[in-house]
1. What does the net charge come to around residue 246 if you take all other residues with beta carbon closer than 14 Å to its beta carbon, with K and R at +1 and D and E at -1?
2. Which residue fluctuates most in the GNM of the chain (Cα springs below 10 Å): 201, 67, 139?
3. Looking only at the stretch 184-204, which residues have a backbone nitrogen under 17 Å from a spot 7 Å from the Cα of residue 256 in the C-beta direction?
4. Taking the simple approach of a point 7 Å from Cα along Cα-to-Cβ for both residue 298 and residue 265, what is their distance in nm?
5. At 222 nm, what helix-only mean residue ellipticity would the chain give, in deg cm²/dmol to the nearest 500, using -39500 (n - 2.57) for each DSSP H run of four or more?
6. Using a 10 angstrom cutoff on alpha carbons, build the Gaussian network for the chain and name the most mobile of 95, 43, 131.
7. At a probe size of 1.4 Å, how large is the accessible area of residue 328, to the nearest 10 Å²?
8. So what's the gap between the Cα centers of the stretch 110-149 and the stretch 258-329, to the nearest angstrom?
Amino acid sequence: MRFNPSAPISAKRLSSKAILALAGIAIAAIPAAALLAQGAAAPYTVMETGRGYGNLQDAVNAIGDARGTIAIAPGRHEQCAVQTSGDISYFASEPGSAIFDGVTCEGKAALVLRGRSAEVAGLIFENMRVPDYNGAGIRLETGDLTVAESWFRDSQQGILTASDTSARLVIDRSTFTRLGTCEGAGGCAHSVYTGDLAQVRVTNSRFEQGRGGHYVKSRATRVDIAASSFDDAAGRATNYMIDLPGGAMGQISNNWFVQGADKENYSAFIAVAAEGRSHDSSALNVVGNDARLAPGVDRNTVFVADWSGDMGGIGDNALGRGLSRYEVR
């Protein structure tokens with residue numbers, strides 16, 4: 001079953017098997033004994049052929065321009081790979097057990113993706129740092145990407161994308177921890193930062209303890225963020241929870257937001273078109289969210305700041321003390 005990015009957003013959480021199925025991975029067809037047999041000697045197994053590889057890049061190259069699935073054995077992986085073609089699924093044979101630690105390709109990310117599509121499930125990415133302060137777990141340059149049940153932590157960025165106006169990024173049931181920095185001369189890095197994509201969809205995910213920049217910054221035409229949490233209570237020098245710098249259509253619904261004390265900019269939780277009006281925001285709906293200040297934080301701020309003037313207000317949201325609903329800037 002393939003994930004349908006156009007389907008209505010639901011707040012319902014899914015089981016681990018359902019998440020992997022949404023990522024397009026036929027887990028029932030994978031023989032567990034074969035994975036264990038490949039295990040230590042060959043940590044990267046191309047499931048269509050059953051052949052194991054010692055290097056992730058060799059497994060990617062073996063799939064080439066075809067469609068394939070790479071099962072990744074448990075353990076700490078000091079490897080990276082560049083996908084230049086094809087449709088490849090990367091998944092942990094035991095979700096949460098495979099950790100990509102600190103190694104980047106092309107000075108960019110553990111996975112640099114410029115094929116037709118990619119799917120990632122059950123993986124952990126940590127300690128990604130590069131000289132230009134854009135080190136990420138995943139760098140998407142072209143094609144669609146679905147990420148499920150993965151964890152990005154202690155890096156300059158979690159997911160970073162180029163602009164591809166035909167591409168869709170889907171993130172479900174994933175966690176982003178201690179990401180972001182404003183150290184670089186080229187501007188801030190963020191937990192998730194996307195270029196001008198067709199759609200960005202984030203559901204059932206958690207953003208926490210940011211270390212600079214925004215939690216989600218997206219230049220996509222359509223942005224749908226639902227049933228997720230943004231816990232900034234332990235953040236350091238962070239900015240907006242969600243920044244749509246050129247505006248967007250879509251929905252931000254049924255999320256939970258807490259703004260912490262240590263902010264580079266606390267003037268709003270959600271910013272729309274702060275860098276110019278690239279997209280029409282009149283069809284952006286913000287409704288059903290819960291937003292508040294962390295305990296002990298006493299200030300006034302705005303839930304949604306709109307530079308576009310397109311929105312005309314927002315829907316019903318539960319807002320704590322010190323928060324104004326909506327402001328045109």
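The values are calculated or read from the model by the stated rules, or taken from the named source; none is laboratory data. Treat the numbers as computed from the prediction; the structure is a model and nothing was measured. Neighbour counts run over all protein chains shown; Cβ positions are idealised from the backbone, glycine included. SASA here: full protein model, heavy atoms, side chains in, ligands and nucleic acids out. Shrake-Rupley method; radii C 1.70, N 1.55, O 1.52, S 1.80 Å.
1. Numbers: positive: 217, 219, 222, 277; negative: 196, 243, 275, 280, 306, 310.
With Lys, Arg at +1 and Asp, Glu at -1, the net is -2.
2. 67
3. Within reach of a label on residue 256: 203-204.
4. Modelled inter-label distance: 2.7 nm.
5. Working: 3 runs with 22 residues, N = 329.
Computed mean residue ellipticity for the chain: -1500 deg cm²/dmol.
6. Between 95, 43, 131, it is 131 that shows the largest mean-square fluctuation.
7. The value for residue 328 is about 90 Å².
8. So the two Cα centres are separated by 29 Å.
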